[in-house]
Structure formats: C-alpha cells, structure tokens
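Trainee: What follows is a structure written as structure tokens; I'll ask about it next.
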Amino acid sequence: MRQFTIISLLPGALIGIALSFGGSWILIALIYLTGFARLVDATVKSERVASEFPAGTGLSIALAGLHFLLLVATVLVLANGQHSTFENIGLFLATGLFMGQISNANAHELIHRGSRALHHLGMWVYISMLFGHHTSAHVLVHHRHVATMDDPNTSRLGEDFYRFARRAWVGSFMMGYKAEAARPRPAWRNPYVTYVLGAFGFMILALVISPKALLLYVGLCAYAQMQLLMSDYVQHYGLMRANQDIGKPEPVGPQHSWNSPRWFTSAMMLNATHHSDHHAHPSRHFPALAVPTDAPMLPKPLPIMGAIALVPPLWRRMMDPLVERYANA
C-alpha cells in the first residue's frame, strides 16, 4: 500500500509547491508526471506485488481532498496571474495531468465502492470536472455493454480517437440518462439533476472569481475529460465480444480489455491499468487487482499509448495487427 500512497500523492504535493513558488518546481512536477514516470516504467520491467491487499480507502479519500484543493488553488493562482505566462502554462498542464490521470482513476475507484458516502465522493469529483454523468454511464452502461456496439465507450477497430471522443461523450451522457430515467422513482431524484446543477454551481463559483477563472476552470475540466476518454479508447480499442447462439454477447472475459501492468504508472493510477480484472470484478478494491496471464497487453505504458493515439496513422499501424492477433488467438 505504501507504493500507491507515495507515488500517487507526491505529484499533488509537487504541484502545490509549484503553485506557491513557481520556477523549477513547475518543471519538476511536470517531469514527475511524464518523463520520470516513463523512465521508471522502462527500467522496472516487472510489477512489485504487495503481499496483502488493504482496501486503500484512506488514500482514496486523501486523493479526493487533494483534487479539490489543487483545482481551486490552480484556478485562483492562474486567474490572478502571479506567475509568468510560461509558468502558468506549466501549472495548467501539471494540474490537468493530475486531474486526468490520478483524480479520474481515483473517482473511478470511489464510484464502484459499496459505501454510499464513498460513491458520492467519487461522484462529486467527477462533477467538479464537469463530467458527473460518467458516474451513471460507467456503472450502468459501460460495464453492462462493454466490448459491444451498444457501449458508447468501447472504441471500434479503425476508429480514431477524435471521432471516438465525440461519440463517447454524447453517447454516454444520453445512455446514462436513459438508464437512470428507467428506474422507478420521481424525476427529481434522477442523479442527472445533481450532475447538471452541480456543474453549473462550480462554473458559477469560478465566474464569481472572474471570467478568466471560468475559462481556466472549463479548460482544466476539458483537459481532464479528454484523458478519461483517452483511457477508455486505449483500453478497449477493437476488442469485441462474440455473439452466442442465443443472440446475446458472450460473457465479459480477460480478452475484452487491454492491460498495461507497469509498476510506476500502475501505482500512480491506482491500478486502473489492470483493466481486465476490473471488468471481471468491478467491486474489487484497486490494490487487489491483478492481470490475467491471457489478457491482451499494450506494447507500451498506458500514458504513452494515449499520446500515440493522438496520431491515428501511427496508432493503427501499432494496434490493428495486435487486435487481429488477439482476435484470432
């Protein structure tokens, strides 16, 4: 558990120092989240597995609190213009990376928890990123329809990220709403009311600071959302469930998600890279997630694959043959 705590909390601490002092601290935070993480992944070839698996609840609560602190502090610091333009760009990128890679992974963990309080904490992290509907769409739609054409967050073979992102954002919003609306309860109890009003509430709070603060806030949220959508794109690209004789798709198995079991980035992203096991056991706490030996493996760490996906021809040259290989295995 110690490795998860140190590796995931340290970048938040570095960003906090960078917000106060600027200068080289900004570069250190950015390097930690990018180059240093990739270097350690390349150096440590195998994962270090803990001998026991605590729930990690305390860490998840701490990361959620850190998310809100960094989000508010970053918007205030950038809106006040107390650093240079280049420093502000670096701070924006560092906080955006923290939100996209760590806050997203942590909120994902929390919405799967059985505790109502923890689930709502994850929901509010997503709402603060103007992505509250993911709380419903991920649990009610993605996990049910993953690796089928009915799941808006499953990327199709040959589909580039930019087309996927548009389809997935709108599709998950609409299908999540339909799933919630189908439940027997008054319309005002639909959580989409909270998602939408909460999002407007956060934006109004940012506008109270200044119009510039609102633009910065929305920009940070868009950057974080792009990274979440990129994670879905990469971890499900081209892997589809076969239809059975009864017309229903086969059960979800290890072969329906890409995995990236690299020690450092897995710890930093709370084992979100162990995606096959998560779909097999959605309620399993992140420290206990494993990687089945027969699960599809990404050729490079998840963040690097996300960068490659931004260049569709390069992505397809690398991934399409791998999809065919696993499909024919």
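The values are calculated or read from the model by the stated rules, or taken from the named source; none is laboratory data. What you see is a predicted model, and the numbers here were worked out from it, not measured in a lab. Note that each Cβ is placed from the backbone with ideal geometry, even for glycine, and that neighbours are counted across all protein chains shown. Heavy atoms of the whole protein, side chains included, go into the accessibility calculation; ligands, DNA and RNA do not. Shrake-Rupley method; radii C 1.70, N 1.55, O 1.52, S 1.80 Å.
Trainee: Can you compute the FRET efficiency between Ala117 and Lys248 using 1/(1 + (r/R0)^6), with r the Cβ-Cβ distance and R0 = 51 Å? Round to the nearest 0.05.
Mentor: Efficiency at R0 = 51 Å is approximately 0.90.
Trainee: Rounded to two decimals, what ratio of Rg to Rh does the chain give with C-alpha atoms and a Kirkwood Rh?
Mentor: 0.96
Trainee: I've got another one for you. Once every DSSP H run of n ≥ 4 in the chain is given -39500 (n - 2.57) and the sum is divided by its residues, what mean residue ellipticity at 222 nm do you get, rounded to the nearest 500 deg cm²/dmol?
Mentor: Mean residue ellipticity, 222 nm, calculated: -19000 deg cm²/dmol.
Trainee: If Lys and Arg each add +1 and Asp and Glu each add -1, what is the summed charge of the other residues whose beta carbon sits under 14 Å from the beta carbon of Ala187?
Mentor: It works out to a net charge of +3.
Trainee: Another one. Let me check something: with ligands and nucleic acids excluded, how do Ile61, Ile17 order by accessible area (1.4 Å probe), largest to smallest?
Mentor: Ile61, Ile17
Trainee: Which distance in nm do the two modelled labels at Ala73 and Ala187 give, with both placed 7 Å along the Cα-to-Cβ direction?
Mentor: 4.3
Trainee: Which whole-angstrom value gives the distance between the alpha carbon centres of region 133-152 and region 196-245?
Mentor: 16
Trainee: Heads up, I need the accessible area for Ser8: 1.4 angstrom probe, whole protein in place, Å², nearest 10.
Mentor: Spelled out: Ser8, probe radius 1.4 Å, area about 0 Å².
Trainee: Calculate the spin-label point distance for Thr34 paired with Ser20, positioning each point 7 Å from the Cα along the beta-carbon direction, and give it in nanometres.
Mentor: For Ser20 paired with Thr34, the spin-label model returns 2.5 nm.
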